[in-house]
Each structure stands twice: as structure tokens, then as C-alpha cells.
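Please treat every number below as a calculation from the coordinates, not as lab data. Please read these numbers as outputs of a predicted model, since none were measured by experiment. Glycine gets a Cβ as well: all are built from the backbone with ideal geometry, and neighbour counts include every protein chain shown.
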Amino acid sequence: MYAVIDIGSNTIRLKTYEYKDGNLINIFDKKEFAGLASYVDKFGNLSEEGITKCLEVLGEYKKCLANVIIDKLLIFATASIRNVNNTKEVVARIKEELGLDVVVLSGSEEAIYDFKGAKMKYNLKDGLMVDIGGGSSELLFFKDNHILYKTSMPIGSLNVYTKCIDEILPSKKELEAIKDLVKPYLKEIPKLDDKYPNVCGIGGTIRAALKMKNYLYPDTDKLVLTYEEIAKMLETAKDDSYSWQLAILKVVPERVFTFTPGLMILKTIMKYFDSEQVYVSKYGVREGYLLANL
């Protein structure tokens, strides 16, 4: 059995797998909404409080894994530790206090492992892959199952929330501010094609968006999220904040702060690339990283 711990900006997640006949079979998983991106201080460092939070969660996972036989444990961090100024200190503290080795992935590496993971479910022939995390968003363009271009934007659902939003839910003005934050990064990306109608969506934000769509519009395609449906959900967020908040609390309560900002990031990306729909993959960076290290 293999174990992977993903230290993200919003969540720290433990997943265990069996590898059989070229496939990864999920055995069990645990998820903690640590919100590390909210612990970045004015100097751009992960604060002592944030480091302590990270150590607490990893310590609990280490105790959990002590009760099972693990052939290999892999631990990686993404924007949560990559985008702070004291990266080396955080990694050293984890090693010193818990004896755990953490690999900090670059944005490019994260996008590549996303692609490897998503290929477990989809034949990624031509298109755009998007992964919206808590502290960054990865975009990868591919053709004939090969990567053409990849990039990581330092904008995610949690750090956008802390930058732009004063209350629990964003106002219309704050949603526009999120769009204005994303656009300059998109303009730096070369348009390799005129449009990308189909998006392969990865990560918790996009999976939550599909879950919300299926709750609000149950008679639509359960596996696909369209641009029109995303736009419709955001109109509800703007025009009927009470109903929107109730829906979030029913469907994705753990994402009450980050869901709407993440949805706005996704809409902005899709509009820029003329994307019509998102196919949501349940596999991503964790599976891709494990496959690459088997």
C-alpha cells in the first residue's frame, strides 16, 4: 500500500492506494482544511501559527499511518509552501520535528503531475487542463496526449479570498476585483489555438463546482459543467446572496469562504479561452505524483 500527503494552501490531504494492474485503487483518505494560505504574514512568510498548524496535521497523519503497513510514503507541498519566503525553514521544521521529508513542487511540476493523474481517467487528446487550488492555479495546454505549454498563476481560491473579500461572501464589486486579478496573468499566456471548447478540470474547487451544479440544476448532465451553468451560479451569488449562502452550507460547507472566489477564477479562465464546458476528473496531482514515483 502506498500513501501520499498533499500539503495544499487550503487543505492538507492524506490518501492511500493499492497499485494493481496499472491502476491506483483508493483505500482510504483523510482531509483537513488547514487554510495555510491565510497564515502568510506581511513579510511573505508562513507564520509560526501556520507552521504549527501544518505540523499538527502532519503529526496526526503520521500517527494514523503507524497503524497500517505502508510500502512507500510520499509527501509534497504546492503553493502553500512554494509561494512563501521561508520555504526552506518550513521544510526543515517538518523534518526536524516529525522526521518527514517534504518535496516542494514547482508550479510547472504540479501541472505535469496533474496531467499524469488526469490521464488515468480521460484520453486527453486536445485541449486545456485547469486546476484551481487554494494558493495557485495551474493551466496546461495539450495536443495528441502531449503537453504543449504549462504555467502556474499565483492566484487561488483562498489567497484571492484574503486579498479581495471582507465578509463571508464576496460582493459584486469584489467579484469584479477577482476577475481583474486573474486577467493580467492570462494575458501573459500564449494563445496556441483560437479557442479551447473543452476543459479538463482538476482539484477540489472544480469538483465542488460540479457538486453544486448538480444540486441546483439536477436535470442537467451530471458529469459536465458548462460555462453557462457557472455564469448562472455566479449570478445567483450576486443577486441572491442569502439563497447562495444556504446552498453552499448544504453542499460544500467546508468551502464557505473559498468556493465563490474559486468559481469566479474558473469563469474568468473559461471566458478568456472561449471554453464551453468542463469535464471533471477525480484524479490529479496526487495520483500523478505517485505514478511518477512508483
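In the chain, excluding the sites themselves, the longest stretch lacking any of the trypsin sites (Lys or Arg not before Pro) that are in a DSSP loop with at most 16 other Cβ atoms within 10 Å is 43-120.
Give, in nm to one decimal, the length gained when the segment between PHE43 and LEU249 is fully stretched (0.36 nm per residue of separation minus the Cα-Cα distance).
On the way: separation 206, 0.36 × 206 = 74.16 nm, distance 3.37 nm.
That works out to 70.8 nm of additional length.
Please tell me the relative contact order of the range 117-280 in percent, rounded to the nearest whole number, where contacts are Cα pairs under 8 Å and at least six residues apart. Answer for the range 117-280 is 29 percent. With a simple spin-label model that places each label point 7 Å from the Cα along the Cα-to-Cβ direction, the separation between ASN293 and ASP239 comes to 4.8 nm. Within the chain, the longest run free of GluC sites (Glu not before Pro) that sit in a DSSP loop with at most 10 other Cβ atoms within 10 Å is 1-166.
Restricting attention to the range 42-120, lysine pairs at least eight places apart or on different chains and with alpha-carbon atoms under 23 angstrom apart total 14.
Please arrange TYR215, TYR39 by how many other C-beta atoms lie within 10 Å of their C-beta, fewest to most.
Numbers: TYR215 12, TYR39 21.
Neighbour counts put them in this order, fewest first: TYR215, TYR39.
Using the rule -39500 (n - 2.57) for each DSSP H run of four or more residues, divided by the residues of the chain, the 222 nm mean residue ellipticity is -13500 deg cm²/dmol. The list (i) 1.27; (ii) 1.11; (iii) 0.97 gives values of Cα Rg over 2.2 N^0.38 Å, and only one came from this structure; which label was calculated from it? Working out Cα Rg over 2.2 N^0.38 Å from the coordinates points to (iii). Using C-alpha pairs below 8 Å separated by at least 6 residues, the relative contact order for the chain is 20 percent.
I need the shape label for the range 2-104. Rule: rounded when a/c is under 1.5, else prolate if a/b > b/c, else oblate, with a, b, c from the alpha carbon gyration tensor. Prolate, since a/c reaches 1.5 and a/b exceeds b/c.
Bridgeable aspartates and glutamates around LYS173 (alpha carbons under 18 Å apart, same-chain partners fewer than 8 residues away excluded): GLU235, ASP239, ASP240.
Please give me the summed charge of the neighbours of ILE51: other residues whose Cβ is under 13 Å from its Cβ, Lys and Arg +1, Asp and Glu -1.
Values: positive: LYS53, LYS88, ARG93, LYS95; negative: ASP41, GLU48, GLU49, GLU56, GLU89, GLU96, GLU97.
Result for the local shell: -3.
Using Cα springs under 10 Å in a Gaussian network model of the chain, which residue among ILE265, ILE112, ILE147 shows the largest mean-square fluctuation? With Cα springs under 10 Å in the chain, the top fluctuation among ILE265, ILE112, ILE147 is at ILE147.
Using R₀ = 45 Å, calculate the FRET efficiency as 1/(1 + (r/R₀)^6) where r is the Cβ-Cβ separation of GLU96 and LYS20; round to 0.05.
Numbers: r = 36 Å, r/R0 = 0.81.
Using R0 = 45 Å, I get an efficiency of 0.80.
Note on the range 2-104: with charges restricted to the Cβ of Lys and Arg (+1) and Asp and Glu (-1), its dipole about the Cα centre is near 140 debye.
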